[in-house]
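Structure first, commentary second.
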Amino acid sequence: MSYLNQPDYVRYVCNCGSLKPISKTYFCRHCSKIRCGYCVCQEIDTHYCPNCMENFPQTEARLKKNKCSNCFKCPCCFHTLSTRAGHVPFRTAPQEGEDSKDVKTTPKKFYYLFCSLCRWTSRDAGIPDQSVATGGWPEQENPHISRISALIDYHRILASIEKQQCEKKFRAKRPYMHAMFTITSAMVRKRIGHPSETPAKNQSSDQPPPSVASEDVDELPAEIFTDPVDITKITTLEQRLQHLDVQAEKVNELRPQHREYLVRRSQRCRVCEHSVSKPDLCPQSIKFKIQLAAFYHVPEVRIVTCEPLRPGKASELLLKFCNPTRHQTQVTLLSLDTSMTPVDVASEKEDSKQENIQQGSESPNLLPSIVRQVSITEEIKSIKVNANADILLPHASLILPPRDDTAEYDDTGDTHNFQDDPKLVVWRKGNKAVIKLHVTPHENSTGGEDQSVIIGFVMQYGHVNTITTLEHKTPQKLDLKVKLYLTVGNIVSNV
Ligand SMILES: [Zn+2]
Ligand SMILES: [Zn+2]
Ligand SMILES: [Zn+2]
Ligand SMILES: [Zn+2]
């Protein structure tokens, strides 16, 4: 895991050229490559309410304007409101303990909304109490609703015309698709009420009247200059922005707001379109169906300590390597100019990519291609970081045993017996090992004191591709390479 809320000291270079800590990268098992946030497509799986945890498909969420119809948030502090029962309307709120007793003894119950954080109640706003606990709370009408719906309708028509024009270009390629799914121009014109064949001309008549700027503004009330301002009765900017359609000025005009939905997203590799992260659809679950985070597949590097760094002088650097996989791996450190030659599955991968393109909507995932984001592969950026120190890399490779969760609790010592070079490996336990390296900052580093020293190397590690075992083949062993940049410390004064 990388450091929380701290600068990223150890950064892995993604295939697109961006530098990310290991906790922010994925590992695509199909491409056998690291994928960062730019190299994956984000897809919304489900919308859910963070309070009642109900989930909705996208169409339903859109109809409900991405807001939960059952849950409300406080208009003052945005905390979730709870429903309270009381027996007489416009009475002071009953105490916690009295609540259930009251409910039993009174013949008729009334319900109101209550914020347990700032103690706002719906009675403060003058909202009448309800006789049912589930709600039926009056909705506040948007004063501009007719104008907004006219504009939405107009833009919907424009969108369908545009879509139809766009699909005209592809008609030759997919004649059957066109007949089945597209809206013909005649259909659109009929919908707008235009019989003729000149849509461009007639569009303007259907257009809602444009908004006109006016200089006639109502005069300010006279008392605004004389009456003292009571800040407690005026809404804050945040409160107004939470309720954009009304933007109430006074606190007593605030109305409870529906709680907005949150989404669960899944990530898909842009190159091969396989999922790299897919959460469980159930909003209560914190599990993942697929989670190919890089820290489950790529050896993690951590900086243990580094001696004070002085230009031209070698300092000792201790690095800890950790193998997260269930297979033994061999880590070799190579210099930065090592070619990052593609792994030996390259040809096979190219083939599968070609297949996906040909199959179109029949690609490995089951989503239709219309729903899916068109995958655009991230352009390869040049790496902006320059290493300003030399590092003496060991010639020997480091063998890391597979991860064994029980080894964490085993104090009997290491059962593995590796013939390590004591000058290189200084510590070893389970799947982790600490190695000693020497860093020499460049003499001509211009930054002077407090300049951060960056080293870089290529880490080659053995990776076992277990996907092939599913296809009844022997697991494929690959040697993968990843470039790393480490910020090991700052130059200290030469005293
Ligand atoms: Zn990337
Ligand atoms: Zn809800
Ligand atoms: Zn509140
Ligand atoms: Zn991939």
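Each reported figure results from applying straightforward, stated rules to the coordinates on display, with no laboratory input. Everything quoted here is computed from the prediction, not taken from an experiment. Glycine also receives a Cβ, built like all others from the backbone with ideal geometry; neighbour counts cover every protein chain displayed.
What does the highest-first list of 325-331, 119-125 look like by mean Cβ count within 10 Å?
119-125, 325-331
How long are the semi-axes of the equivalent ellipsoid of segment 108-151, defined as square roots of 5 times the Cα gyration tensor eigenvalues? Whole Å, largest first. If you can, show how the numbers build up before the last one.
Working: eigenvalues 157, 40, 14 Å².
Equivalent ellipsoid of segment 108-151: 28, 14, 8 Å, largest first.
What net charge do the residues around PHE72 carry, taking every other residue with its C-beta under 13 Å from that of PHE72, with Lys and Arg at +1 and Asp and Glu at -1?
Taking every Cβ under 13 Å from that of PHE72, the sum is +3.
May I ask for the net charge around CYS52, where only other residues with Cβ less than 15 Å from the Cβ of CYS52 are counted and Lys, Arg are +1 while Asp, Glu are -1?
+1
Highest mean first, what order results for 35-44, 246-255, 430-439, 210-219 on Cβ atoms within 10 Å?
430-439, 35-44, 246-255, 210-219
If r is the Cβ-Cβ distance from ILE145 to ARG62 and R0 is 22 Å, what FRET efficiency results, to the nearest 0.05?
Values: r = 17 Å, r/R0 = 0.78.
Approximately 0.80, to the nearest 0.05.
Of LYS64/LYS169; LYS432/LYS483; LYS20/LYS67; LYS432/LYS481; LYS33/LYS168, which ones are farther than 31 Å apart at the Cα?
Violating the 31 Å Cα-Cα cut-off are LYS64/LYS169; LYS20/LYS67; LYS33/LYS168.
Which net charge results for the neighbourhood of PHE27, defined as the other residues with beta-carbon distances under 13 angstrom from its beta-carbon, given Lys and Arg at +1 and Asp and Glu at -1?
Value of the local net charge: +4.
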